[in-house]
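What follows is one structure encoded as structure tokens, with my remarks underneath.
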Amino acid sequence: MSDTRILSDDADEPPGISWRVKLAIGLMVILAIGVVLVTNRWLSERFTETTRNRAELRLALYSGNMVSELQRTSVVPLLLAGDPALVEALRSRDFSGTSQKLIRVQSEIGVASILLIDADGRTVGATNRNQLGTNHRTGAYFVEAVRNKDTVFTAQAREGGGFDFTYSRAVLVDGRAGGVIVVAVDLMKYERAWAGLQDAVMVTDSEGTVILATEPRWRGLSMDEALAVRDAPSALSRALQATADWAQAPPDAYVRGEAVMKTEARVPFRGWRMVTFTAYDSVRERVNGILALEIMGFAILMALTFYFLSRKAWSQSVTFQRESAELRMLNARLQREIAEREKVQKDLAVAELTLAQSSKLAALGEMSAAVSHELNQPLAAMKTYLAGARLLLQRKRPDEALSSFQRIDDLIERMGAITRQLKSYARKGGEAFEPVDLRSALSGALSMMEPQLKQRVVKITRTLPRTPVMVMADRIRLEQVIINLLRNALDATRDRADPQIDLILSSGDVAMLAVRDNGTGIKDLDNLFEPFYTTKKPGEGVGLGLAISSGIVTDLGGRLTARNSESGGAVFEMQLPLLGKEVEAAE
């Protein structure tokens, strides 16, 4: 009572913060949020527009360089188609100096490669001598050049990916096409140059097919198909993307999992278009940098406000320190009492284990007389079979004697099973859990109770599922619980003319074993599982069986309940988590 009074007197609450101070802090927080949101929106629009203008300038530069290269290369076939040396070589079929001339022209003009193809489609001159003798009769650049007699531009897809861009023109010999000059345009060098930049670039032809791209997987696809080709983002990437895009307008597209701005322009060549995708990194970094400075300024202002408020609270802390010292003393005393209580609980647990073992040994003593009778019967039968076997051997009938020996071996197995049951029941259960089939545990318990069941006429029905009912448990302790429930059922039906015990095993969300009898029922359900509670006469029991059984089932992660049946008698239900659900049951 004195401790309670001290706590009540010293536990006065500190004076609360003034409502004016709370209002000022709330207004400051609202102001900070508003300033950050307005600044974010304004700066995002401004920096995004700046980034878009720079992207358009780069796009114009890329497009101009590519068109300049195409125009410069388009003149080369026209010049070479009228070259007298090449015309004479096609007329005379003497190509000994053709390749050397083409190599000299390539070094002077700076084109990618040059081919001279005769009227049969065979390469007769090339800057790359490895191509000499190759046949191009079916090539689009050869067929179109022979047919049109003008300079023809061709973009042809390669087998390994990408496109070959060529200009070709027929070389006229005596008024007819005597061959074709083919000049390759090296647009891949621009693609390699673009790949070294932050922007992603693609060039599409008049049909919308990607013919140049910094992403190799885009080539040969339409723009929509190309943008859809990307790796699936991980959960972390999606989270970072969601938090990073808040400082900008909605993205035009996503490239390599990043939000990008799309800039598109027309290339003045054969209906081509060029598209660039610029990342928002620069916008995000600049906007977030300024926002961080604003947030830091408001944080410093809030820190100063709380500092001045804390000075007022400091004077109150002295009083609280005095009270906390008294509370620490009280806490130390409570901890000592808790330690003593835990020690008593541990001693009680040890006593319960000892009493459980004593109860098992007492039950073992009750079983000893019936078990000795079970052993005497096999011994007498073995003596009879031995005498019969000896007589059969004397009469030269060894086959029938072997049958007698087999029966003797079966009787020895039966005696071994009886002794093993006694040994396992007398032993203390371990703590090593293992998968156990409740059906086999029930059969083992019935086998150990067989001597007691034979002393009386009791109808026992078993309802078992066809499939195993697996639980994680200590088999010995589990069988001990079932034996205790069976003994209680036997004791409850002692005064019945037609005693009956029903054993029902089912498997659903949990494994449930119900033991139902037709006895007198349970009068006091509230105290049934309390230690030393019993309705038996003195000397017949100490009232620990159900208490120990309830503790064992609880240790196995389940529960043991009891109720009275509507038709009379008692029903004990043991519920255990099925194998695979024991973690959920533990939680």
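The values are calculated or read from the model by the stated rules, or taken from the named source; none is laboratory data. None of these values were measured; they are calculated from a predicted model. In this analysis, Cβ positions are derived from the backbone assuming ideal geometry, glycine residues included, and neighbour counts consider all displayed protein chains. Note: areas computed on protein heavy atoms with side chains; ligands, DNA, RNA excluded. Shrake-Rupley method; radii C 1.70, N 1.55, O 1.52, S 1.80 Å.
Pairs LYS383/LYS459; LYS149/LYS262; LYS459/LYS523; LYS383/LYS454; LYS346/LYS459; LYS149/LYS189: which exceed 31 Å Cα-Cα? Table pairs above 31 Å Cα-Cα are LYS383/LYS459; LYS149/LYS262; LYS346/LYS459. To the nearest 10, the accessible area of ASP347 is 80 Å² with a 1.4 Å probe. The stretch between SER206 and ALA265 holds 19.9 nm of extra length on full extension. This uses 0.36 nm per residue minus the Cα-Cα distance.
Rounded to 0.05, the FRET efficiency of the VAL229 and ARG93 pair, given R0 = 30 Å and the Cβ-Cβ distance, is 0.05.
For the stretch 70-160, the set of trypsin sites (Lys or Arg not before Pro) satisfying both a DSSP loop assignment and a count of at most 11 other C-beta atoms within 10 Å is given as ARG93, ARG158.
Along Cα→Cβ, 7 Å out, is where each label goes; now give me the distance between the ones at GLU352 and THR554 in nm to one decimal. For the pair GLU352/THR554, the computed spacing is 0.5 nm.
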